[in-house]
Each structure stands twice: as structure tokens, then as C-alpha cells.
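> The structure is given below, and queries will be raised subsequently.
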Amino acid sequence: MRFLTPAQIKEDDRFTAAPSFRGLISRLLFRANALAEFYGSGMLYDNEQVLAILGACRLVSIIKANTEEVIAKRYFHKQKMKKLSLPPFFVGEITYRGEFSREVMALLELGRLIHVGKMATFGNGMYEVKV
């Protein structure tokens with residue numbers, strides 16, 4: 001996977017520059033369900049499906065991570081605050097190895113359109129997948 005715009009993924013209560021595949025899929029599931037709930041006809045994945053997908057992702061491992069940290073600042077207009085440093089983002093490539101089900105591949109394809117991670121609504125978390 002190549003992250004084209006800065007991504008910010010929190011895993012185990014900390015931001016990471018090389019998220020596990022399970023952590024990445026967890027964030028994708030959350031975003032897909034949230035968008036479908038707010039703008040569609042309801043959640044795409046129920047709790048049983050989420051647990052099954054995340055369980056299968058435990059067997060996928062990181063082979064190589066070539067990422068770099070990106071530090072960003074943001075001005076909050078409503079609060080009229082100075083620019084605040086945000087937790088670190090990352091860009092670069094991560095290579096995962098394992099068995100990928102149809103559901104996981106479909107979710108990764110959906111993620112290319114909706115992006116992943118925090119602040120995805122600002123264009124962050126765009127990626128491409130090479131198989």
C-alpha cells in the first residue's frame with residue numbers, strides 16, 4: 001500500500017507510522033459504517049461481520065514499512081486559537097503479507113474512495129493498493 005496523502009491512524013491509544021493490517025482495516029470499517037449510517041440506508045457491516053473480518057486480519061503481517069512522519073499544524077477558526085501541532089501523520093509505503101478475503105479486498109477498494117484515518121474529510125488518508 002502506498003499512502004499518497006498524510007494518514008493518521010491511532011492504534012492501541014497511540015498514533016503509529018506503520019499500522020498493523022488489523023488496525024488499518026478497523027479504521028476502514030469504522031469510516032465505511034459511519035458514512036453509510038449518516039448518508040446511506042444504514043451500516044454496511046454488522047458486528048458479526050466486523051469481528052469476522054478483523055479476526056481474519058490477525059494473520060496478515062507487515063513485511064516492510066518505508067514511511068516517514070509528517071508534522072502538521074492547524075488553525076481553529078471558531079476558537080480563534082493559534083496554530084496547534086497535530087499528532088503525527090505518515091506517508092510512504094507499507095507491504096503486508098497474508099491471506100486477503102474478497103470482503104477485505106472490497107473494503108480496501110472502497111477505502112481508496114473514502115480514505116482512511118483521522119481527518120480523512122480533509123483529503124488525508126488517500127492510498128493506492130498494489131497486488
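The values are calculated or read from the model by the stated rules, or taken from the named source; none is laboratory data. Worth saying up front: this structure is predicted, and the values here are computed from it rather than measured. Here the Cβ is made from the backbone with ideal geometry for all residues, glycine too, and neighbour counts use every protein chain on show. All accessible areas refer to the heavy atoms of the entire protein, side chains included, with ligands and DNA or RNA removed. Shrake-Rupley method; radii C 1.70, N 1.55, O 1.52, S 1.80 Å.
> Counting only protein chains, not ligands or nucleic acids, how are D46, D12 ordered by accessible area (probe 1.4 Å), most first? Please list the in-between numbers first.
Working: D46 75, D12 135 Å².
Ranking D46, D12 by accessible area, largest first, yields D12, D46.
> Using a 7 Å offset from the Cα along the Cα-to-Cβ direction at both Q49 and A106, what is the distance between the two label points in nm, to one decimal?
Rounded to a tenth, the inter-label distance reads 0.7 nm.
> Lys/Arg Cβ at +1, Asp/Glu Cβ at -1, dipole of the chain taken about the Cα centre: which of G42, C57, M119 is farthest positive-ward?
About the Cα centre, the residue reaching furthest to the positive side is M119.
> While we're looking at this one, here's another question. Place a +1 charge on the Cβ of each Lys and Arg in the chain and a -1 charge on the Cβ of each Asp and Glu, then give the dipole magnitude about the Cα centre in debye, rounded to the nearest 20.
With only Lys, Arg, Asp and Glu charged at Cβ, the dipole is about 720 debye.
> Taking the alpha carbon gyration tensor of the chain, what are the square roots of 5 times its eigenvalues, largest first, to the nearest whole Å?
Sorted largest first and rounded, they come to 25, 19, 12 Å.
> Here's a follow-up. Using a 10 angstrom cutoff on alpha carbons, build the Gaussian network for the chain and name the most mobile of T121, T16, T67.
Comparing T121, T16, T67 in a Gaussian network model of the chain, the most mobile one is T121.
> While we're looking at this one, here's another question. If each of F38 and I62 carries a label point 7 Å out from its Cα toward its Cβ, how far apart are those two points in nm?
2.8
> Find the accessible area per residue for the chain; the probe is 1.4 Å, ligands and nucleic acids are left out, and the unit is Å².
66
> Continuing with this model, one more query. Distance between the C-alpha centers of segment 1-73 and segment 116-131? Whole Å please.
The two parts, judged by their Cα centres, are 10 Å apart.
> Taking trypsin sites (Lys or Arg not before Pro) as candidate sites, keep only those in a DSSP loop with at most 16 other Cβ atoms within 10 Å, then name the longest stretch of the chain containing none of them.
On the way: sites that count: R58, K78, K80, K82, K83, K130.
Answer - 1-57.
> Now for a separate question. Compare N66, N33, N47 in a GNM of the chain, Cα atoms joined below 10 Å, and give the one with the largest fluctuation.
Greatest mean-square fluctuation among the candidates belongs to N47.
> Only helices at least 20 Å long along their own axis, judged from Cα atoms, and with Kyte-Doolittle mean hydropathy of 0.5 or greater: name those in the chain from DSSP H.
Values: long enough: 21-39 (27 Å, 0.55).
Span-like helices in the chain: 21-39.
> State which stretch of the chain is the longest one without any exposed chymotrypsin sites (Phe, Trp or Tyr not before Pro), exposure meaning a DSSP loop state and at most 12 other Cβ atoms within 10 Å.
It runs 1-74.
> While we're here: In terms of solvent-accessible area of protein heavy atoms at a 1.4 angstrom probe, what is the ranking of M43, M119, highest value first?
M43, M119
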